[in-house]
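The values are calculated or read from the model by the stated rules, or taken from the named source; none is laboratory data. Please read all numbers here as calculations on a predicted model, not as lab measurements. Neighbour counts are summed over all protein chains in view; Cβ atoms, including those assigned to glycine, are modelled from backbone coordinates with ideal geometry.
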Amino acid sequence: MDVKLKVRRQNPEADDKPYWADYSLEVPDYYTLLDALLQVREEVDETLALRCSCRSHICGSCGMRINGHAGLACKTKLSDLGESQILVEPMGNMPVIRDLVVDLEPFWNKLYSIKPYLQPATDPPEREYVVPPETMLHLDGVVNCIMCGACVSDCESLSVNPIFIGPTALAKEYRFVADPRDAADSERLFQMNGPGGVWDCTHCFQCVEVCPKDVAPMDRIMAMRRMMMDMGMEQHNGAKRANAFMDLVGSYGRLDETRLLMRSMSGLGELMSFSKVGWRALWKGKLPPLKPHRIPNAQAVRRILDRAKTQRPRRFKVHQAQQEGVRA
Ligand code: SF4
Ligand code: SF4
Ligand code: FES
């Protein structure tokens, strides 16, 4: 098959501006993008910089943006892309060292900051921890992370909020919070309830979409939010917003955005910081109504919410029980 690669290249050390390099190749149908890039390096331009190792989507080193979304070059078959021209770029949210190679130091620093190791309550047992398999089932999936950085590359929140700890580190944090052998779960959750923690995720789904191992970092973030709220950590604006959302929908049968904003803020000062946005919305005719509209039969919505609340498992208690089971 014929393939056209458009590769974003750059050498910041030489103060090069980024530019697009075009390569046309004839390759076998079974080729992956990584095979094609290696062919370019071997036959066309040996200066093309990229990282790879296992070539079997295990090591996580060949992360890059492919047609605008992060992925593993060794997992991406050219025949599956179905495009006449394939755009290849370095991963986002990380500084470029050269061409498709990015500096992963900030990525690792965030990961180390969550203490990515078990912190048991007692000294390790003489032989091993015996954990019933059913208590580990909820960790299925999250332990598959290969640290490729694809989720960090495409995280919408990180692109505007550099203090956000990011999807990889948060998925890893969940891996320990939900592990019955770890005793630092309250401390971990308390830390992630602050600036840069779970509430800075904008729920954009990008990390779920691009993860090559189905780790679903956003789902882990949402699970930690629920654990925090079950533990009574409800002072953060994000938690206030979640509570206000449920209350308002329960009262009016629909969302009242004006009151949602007011009830999510910590005081008048913070609310005033939104006055510019409010004036702009008013000017453009986008200001939500000040008096909320109640839908007919709003009590039915309240009943659904009440039932959902009583039927939802109290995750933190489930987790505590798991821990007690292990330590007994
Ligand atoms: S869902 Fe949250 S963590 Fe995932 S990419 Fe979007 S903002 Fe980032
Ligand atoms: S969560 Fe998925 S995308 Fe993110 S680093 Fe791990 S394997 Fe890669
Ligand atoms: S080369 Fe190891 S994951 Fe692609």
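Looking at 61, 53, which is the one that is out of contact with any Lys or Arg (no Cβ under 9 Å at 6 or more places or on another chain), within 12 Å of ligand 3 (Cβ to nearest atom), at pLDDT 95 or above and of a type in the set (Gly, Ala, Ser)?
Residue meeting the stated conditions: 53.
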With 185, 179 as the choices, which residue is modelled with pLDDT under 95 and in contact with a Leu (Cβ under 8 Å, 6 or more places away or on another chain)? 179
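Just checking: which of the strands (runs of 3 or more DSSP E) contained wholly in the stretch 13-77 hold 2 or more residues that are within 16 Å of ligand 2 (Cβ to nearest atom) and in contact with a helix residue (DSSP H, G or I) (Cβ under 7 Å, 6 or more places away or on another chain)? I'd like the intermediate steps shown before the answer.
Values: elements: 19-26, 63-66, 69-72.
Per the criteria, 63-66, 69-72.
Just give me the residues in the stretch 112-161 being of a type outside the set (A, V, I, L, M) and within 16 Å of ligand 3 (Cβ to nearest atom), in sequence order.
Within the stretch 112-161, the subset of a type outside the set (A, V, I, L, M) is 112-113, 115-117, 119-120, 122-129, 132-135, 138, 140-141, 144-145, 148-149, 151, 153-157, 159, 161.
144, 145, 148, 149, 151, 153, listed by residue number.
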Search the stretch 195-208 for residues that are over 17 Å from residue 142 (Cβ atoms) and pair each with any residue that is more than 16 Å from ligand 3 (Cβ to nearest atom) and assigned to a helix (DSSP H, G or I) when their beta-carbon atoms are under 6 Å apart and the residues are at least 6 apart or on different chains. 199/238; 200/157; 202/156; 202/157; 204/156; 206/156
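Every residue in the stretch 162-184 that is in a helix (DSSP H, G or I) and more than 16 Å from ligand 3 (Cβ to nearest atom), please. Quick ask: steps written out before the conclusion?
First pass over the stretch 162-184, keeping only residues in a helix (DSSP H, G or I): 167-177.
Result: 167, 169, 170, 171, 172, 173, 174, 175, 176, 177.
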Going through the stretch 211-220 in order, the residues found to be surrounded by fewer than 24 Cβ atoms within 10 Å (Cβ to Cβ) and among the aliphatic types (A, V, I, L, M) are 216, 218
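Can you tell me which residue in the stretch 159-190 is farthest from ligand 2 (Cβ to nearest atom), limited to those that are within 16 Å of the chain's Cα centre (by Cα) and basic (Lys, Arg)?
Just the residues of the stretch 159-190 that are within 16 Å of the chain's Cα centre (by Cα), to begin with: 159-175.
From what's left, basic (Lys, Arg): 172, 175.
Details: 172: 8, 175: 10 Å.
Among them, the one singled out is 175.
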What number of residues within the stretch 191-219 satisfy the criterion of being over 16 Å from the mean Cα position of the chain (by Cα) and assigned to a helix (DSSP H, G or I)? 1
Being under 25 Å from residue 300 (Cα atoms) and not in a helix (DSSP H, G or I) is the filter here, so list the residues in the stretch 220-254 that pass it. 253, 254
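Looking for something within 16 Å of ligand 1 (Cβ to nearest atom) and touching a helix residue (DSSP H, G or I) at 6+ places or on another chain (Cβ under 9 Å) - is there at least one such residue anywhere in the stretch 114-123?
Taking the stretch 114-123 as the starting set, the residues that turn out to be within 16 Å of ligand 1 (Cβ to nearest atom) are 114.
Retained after the next criterion (residues that are touching a helix residue (DSSP H, G or I) at 6+ places or on another chain (Cβ under 9 Å)): 114.
Yes, the conditions are met somewhere in the stretch 114-123.
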Can you find a residue that is surrounded by fewer than 19 Cβ atoms within 10 Å (Cβ to Cβ), within 27 Å of the chain's Cα centre (by Cα), within 21 Å of residue 207 (Cα to Cα) and within 16 Å of ligand 1 (Cβ to nearest atom) anywhere in the stretch 54-70? yes
Which one of these does residue 79 not meet: (1) in contact with a Cys (Cβ under 7 Å, 6 or more places away or on another chain); (2) more than 17 Å from residue 10 (Cβ to Cβ); (3) of a type in the set (Gly, Ala, Ser)? (1)
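Which members of the stretch 186-216 meet the condition of being among the charged types (D, E, K, R) and farther than 19 Å from residue 145 by Cβ? Write out each step before concluding.
Start the filter on the stretch 186-216 by keeping residues that are among the charged types (D, E, K, R), which leaves 187-188, 200, 209, 213-214.
Once the filter is applied, which keeps residues that are among the charged types (D, E, K, R) and farther than 19 Å from residue 145 by Cβ, the stretch 186-216 yields 187, 200.
Only one of these is farther than 30 Å from residue 13 by Cα and modelled with pLDDT of 95 or more: 105, 89, 173. Name it. Can you show your working first?
Working: 105 fails: farther than 30 Å from residue 13 by Cα; 89 fails: farther than 30 Å from residue 13 by Cα.
From the options 105, 89, 173, the qualifying one is 173.
Would you call residue 210 β-branched (Val, Ile, Thr), within 16 Å of ligand 3 (Cβ to nearest atom) and touching a helix residue (DSSP H, G or I) at 6+ places or on another chain (Cβ under 9 Å)? Reasoning before the result, please.
Numbers: β-branched (Val, Ile, Thr): yes; within 16 Å of ligand 3 (Cβ to nearest atom): yes; touching a helix residue (DSSP H, G or I) at 6+ places or on another chain (Cβ under 9 Å): yes.
So residue 210 passes the test.
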Identify all residues within the stretch 120-158 that are in a loop (DSSP other than H, G, I, E, B) and either modelled with pLDDT of 95 or more or under 10 Å from the mean Cα position of the chain (by Cα) (or both); write none if there are none. 145, 146, 147, 148, 149, 154, 155
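How many residues are surrounded by fewer than 21 Cβ atoms within 10 Å (Cβ to Cβ) and at pLDDT 95 or above when one looks only at the stretch 71-86?
Here is the first cut: in the stretch 71-86, the ones surrounded by fewer than 21 Cβ atoms within 10 Å (Cβ to Cβ) are 75, 77, 79-86.
Remaining after also requiring at pLDDT 95 or above: 75, 77, 86.
Qualifying residue count, the stretch 71-86: 3.
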